[in-house]
Structures are given as structure tokens and as C-alpha cells.
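Asker: I'd like to ask some things about the structure below.
The values are calculated or read from the model by the stated rules, or taken from the named source; none is laboratory data. Because the structure is a prediction, the values reported are computed rather than measured. Note that each Cβ is placed from the backbone with ideal geometry, even for glycine, and that neighbours are counted across all protein chains shown. These accessible areas exclude ligands, DNA and RNA; they are computed on the full protein's heavy atoms, side chains included. Shrake-Rupley method; radii C 1.70, N 1.55, O 1.52, S 1.80 Å.
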Amino acid sequence: MDSVVLHSVSASSAASSSSTSSMAKRPCPSQNPRVENLSDVERLLDAFLSLSDLPSLSLDLSFERLLQSVSSDSDLIDRALKMGSLLLDAAKHSSRKRASNHNSLAWPLPPDLTIKVFSMLDTQSLCYASATCSMFSKCAKDPLCYTNLDLTTLVPKVNNAVVATMIQRAGKALRSLKLGVVPGATTSLGSCPPFVCTIRNAIVEVSNFSWNDKRSRQGRESSILTRCCLSPLSGDGGTPGALLRKLHLYNIERMDNASLGAALSACPSLLDLEIVGLHVELRQTLMSVSANCHLIERLFFESSKTGRDDSLKAQTCFELVNNCPHLTSLSLRGFKLHDCKVRVLVKGFRKLKYVDFSTSYSITGNFLRNLGSCNGGNFLEVLILRDCMHLKEMEVARLLTAILAGDFKFLVHLDISNREGLASEADWYHRCYNSSIMPIKEVLETRPDMCLVAEYPSAEGSYMETFDADMNSEISLPSQLSSHTSDGSIFMSTSESSYNSDQGSGNEDGQDANYVIYEESSDEIDFLSL
């Protein structure tokens, strides 16, 4: 049967060679030199491809006569379809190969410089470049291109498989990983604003988003990160996480204490840790950091349930201070933090320059007493106590008096604003809006280099902010937060109070009855097993 097919192909080729020689325009030998030593299969394929010059009707008739010459149960049609599919795949492969060779010659940069350029792209742009051509795809697979992975999205788009692939490509070159859902900023006037502080050429970014934004999970299971999304950091003998320097996690609802602790145990070289919107406990997280991340320099942790996490213990604070002596920036926002524990942290870290306890409960300000004259607090450059529910007027006055006395010499930014007003000394229910005992003006005159932010609701229902007009310091605040008036004051429209914590005095050591750790439900576990 094969001899019949070969004979038919040869006969048709010979019959049409004379009639098509004048029609087919072939390149000259100098443009397309032919290889002389062709095998029998290659000669047969060349003769077969020459049939493409024939009209389609002629080929149809020839193939139909060939079918009539063989038995009815022949698989000639199947073999023809298979041959056509094989030729199509081979042609596509050769076309891509030639296009890649052309791109390699036309692209002005060598592969090493191309990889260097790709390493400067964000992760999404790198993926777009990789899909352009095979040459770019090959360069984009180099581990150096995945040194800094940013897989944050506005809506859930990234799943565990994407994270695992990216971490696997990075390997030991991985230095930075940002992961999770980052909703758009919804900062209202009078609330804790986002800002960027530059302190001695060190950029400290503080994000403020609506982290508790809840979304329906229906139809999005394939794009939801689960509690094991960081497990690839421990893969390959812990190589991917061994040299990781920065880890930022946002709004990963299914993350739990055990999974986060396992991920941190794979990152002994971590310098920058940012956790926002995760349902993990403060005490457990700080214990994991203390046990595994001894080199950490920046810790930013914002609670997913403002005012409900009262898990921090004094022993955990002592262990963190002893095991992480290089910490220079500490932000614990939205937790119940008692003054005695906060004082252990601020006084214990000898290199601490940046402190942010915004929206935290139970802090009265007592920890600030005599802090500016000790080694731990005297080197502070930024202190933010914005919207601390139980911050007392008297303690703020003592702080400002200490600044006038020469303490906190390196302090360049102080935020003591409160949308509810400061708590009075006797009863925190009684709020103080315009205090006459706080020497704000004297501080501004004595320390013109300091940016002092003090926003409180006035009797008319507006916010009044008082701080120095000189913004030439290294601290820059967002201009959209306020507008200057002719007398130097800044007025801002009020916003509705968002305080909804329990009505305690703030410093009692009560049991944690309201804090809830969200574990994965049965339907989530089923999803993991798929």
C-alpha cells in the first residue's frame, strides 16, 4: 500500500514539474543554497511539498483517485490527517525558531543585559514581556528577573500555583515578596493618613487601606490564596526563603498562625516584615519573629480586628527585644497595647527610630514618662500616636513639656491627633478638644525643625490641626490632607467616629474574650484538597 502512495506522489510530481516550472518563482541559489546530501525521507518530503503549487482541485481529484485504488477499510484518510497535523506542527516550530533567530539578530542588547533590564520590571510587566517572543521568554526565565516579586492585586487574581511558580523561578535569588489583595486607599479626612517618611535616607512606607473590606467568595475560589501559599519558601531545602529580605502580606484571609510561623521559620535573613489584614494573633506572630528573624529591622503589623487583640504578653516583649536587637522601625496598629508592655518595647530597642501605635487601644501615654532621657527612647525620630482611644491629655502635656526640657532631641515628627479628642485624667469618657495645658506653641517655637501634628475636633464640629509651617524637614506629609488658612491654622471637615471597642478604661489586664482567630472552614479545606 505504501508503494502505491509513493508511486502516485512521484508520478504526480513528475507530471506537474514541466507545467509548474514556469509558474513557481524560486529564489536564486545564492539566496537559498540547497543542501546536496539529503536523505531519502528529506527528498520525498521535498517532492511532497512541491505539490503545494498545484491547484487545490487537482489535489482533491488525485487524492480521491488514490482512495478508490485501495480497499475500503484502509486508514489512508487517518494517515493523511496525521501527516497534515505533523507537518503543521513542524512548520509552526520552524517558524518560531526562525523568528527567534531574527529577533536575536535584530535585538540590540546581549542576553545578559536583557536579563538586567527585565530584572528592573515589575512582575506583571515581566510576564507581558515573556509572552512577546521565545527569545524574551528565555531571558525572562532567569532567576535574577524574579529577585523582587510583587504579586499584590486590587482584586483576587493570584492563587497558590502562581505563587509557587514565581518562587520556584526565583530560587535562591529571591529577595523581596509582596503578596495579597491591596484595595484602593479610602482614607477620609481626620483619619489616620498614608504617608512616606524619609529618615536619614531610609524610606519607611506606611500604608493605610480599607483592609477589612469583605468580598463574596462565590466564583473566586480559583483566585484565592490559602494558608499554604507561602509553603514554597520552605521548598528545595529552604533555598527560596534563605536569603529573603522583605516580606509583605496583605489581606490573606485564610492565613493562620501556624502557616505564618512556618513561613517565617524559612526566612532567617528577613529585614522587613509587613503584615496587614491577616487573622493572626499578635503574640504568636511576635513569638515567630523573635524565634526566627533575628536580623529584622522593620516590623509593621496592622490588626484585622481593631481593638480586639489583647494577646500580647510582657514575656513576649522581652524575648522580642533580646532576640531582635537591630529593629529600627516598629508599627503596631489597631491592637490593645498596655503602657507597661509598650514601654518594654520602646525602651528595649536601642536602635529604634520610628514608632507608630496609631488606632491602638489601652495606651494612655504613661509609657512616655522619662522615656526621652533614656537610651531606648532618646533616639526616636518619628512618634505617631494618632487616634489612640485612651491617650490622655495629661500624658501628652507631660510629653511636650519633656520636649521643651531638652528630651527627645532627635524627634522630627510627632503626631498626637485624635478624632475623638484626648481622654481626661479622671474619666476617659470625657474628651478634651482644646487643651490649655499642652504647650504646643512653645514646642513649635523651641523646636522649629519638628513637624508637630495635633488634630482635634473643635466645638464647631471641625478639625483643627496645628503644626509648624516649615516643611523643609525630611518628613513629608500628603498635601491633600489639609489646606492652610491665612492665620497658619489648618481646618479639616469632621468625620464620623469609628471607635467601636469595648468601653473599658484601657489599662486593665482583662482576659481576651472578644478576639477571634478565624480558622479555615470545611469548605476551604475541601478546596485545598482539590
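Asker: Can you spot the lysines whose alpha carbon is less than 22 Å from LYS82's alpha carbon? Ignore those fewer than 8 places along the same chain.
Answerer: Qualifying lysines at Cα under 22 Å: LYS92.
Asker: Give me the dipole magnitude in Debye, nearest 20, for the stretch 92-144 about the Cα centre, with unit charges on the beta carbon: positive for Lys and Arg, negative for Asp and Glu.
Answerer: Using Cβ point charges on Lys, Arg, Asp and Glu, the stretch 92-144 gives about 360 debye.
Asker: Separate question: LYS157: which lysines have alpha carbons under 23 Å from its alpha carbon, excluding same-chain residues fewer than 8 sequence positions away?
Answerer: By straight Cα distance, LYS157 reaches LYS141, LYS178, LYS214, LYS246.
Asker: Note down the relative contact order for the stretch 92-144 as a percent, whole number, built from C-alpha pairs under 8 angstrom at least six residues apart.
Answerer: Here the relative contact order equals 38 percent.
Asker: Further question: Under the Karplus relation 6.51 cos²θ - 1.76 cosθ + 1.60, θ = phi - 60°, what is the ordered set of whole-Hz ³J(HN,Hα) values for the stretch 174-180, x standing for Gly and Pro?
Answerer: Those phi angles translate into 5, 10, 9, 9, 10, 8, x Hz.
Asker: Now for a different question. Can you tell me the relative contact order of the stretch 260-413? Whole percent, Cα pairs under 8 Å, sequence separation 6 or more.
Answerer: Relative contact order here is 18 percent.
Asker: If packing is taken as the average count of other Cβ atoms within 10 Å, what order do 66-75, 378-387 fall into, highest mean first?
Answerer: 378-387, 66-75
Asker: Keeping all protein chains in place, calculate the accessible area per residue for the stretch 92-144 (probe 1.4 angstrom), answer in Å².
Answerer: I get 71 Å² per residue for the stretch 92-144.
Asker: Please work out whether the stretch 94-146 counts as rounded, prolate or oblate from its C-alpha gyration tensor, where a ≥ b ≥ c are the square roots of the eigenvalues and a/c under 1.5 means rounded, while otherwise a/b larger than b/c means prolate and anything else oblate?
Answerer: Here the stretch 94-146 falls in the prolate category.
Asker: Ignoring ligands, DNA and RNA, what percent of the 1.4 Å accessible area of the stretch 92-144 is carbon and sulfur?
Answerer: 61
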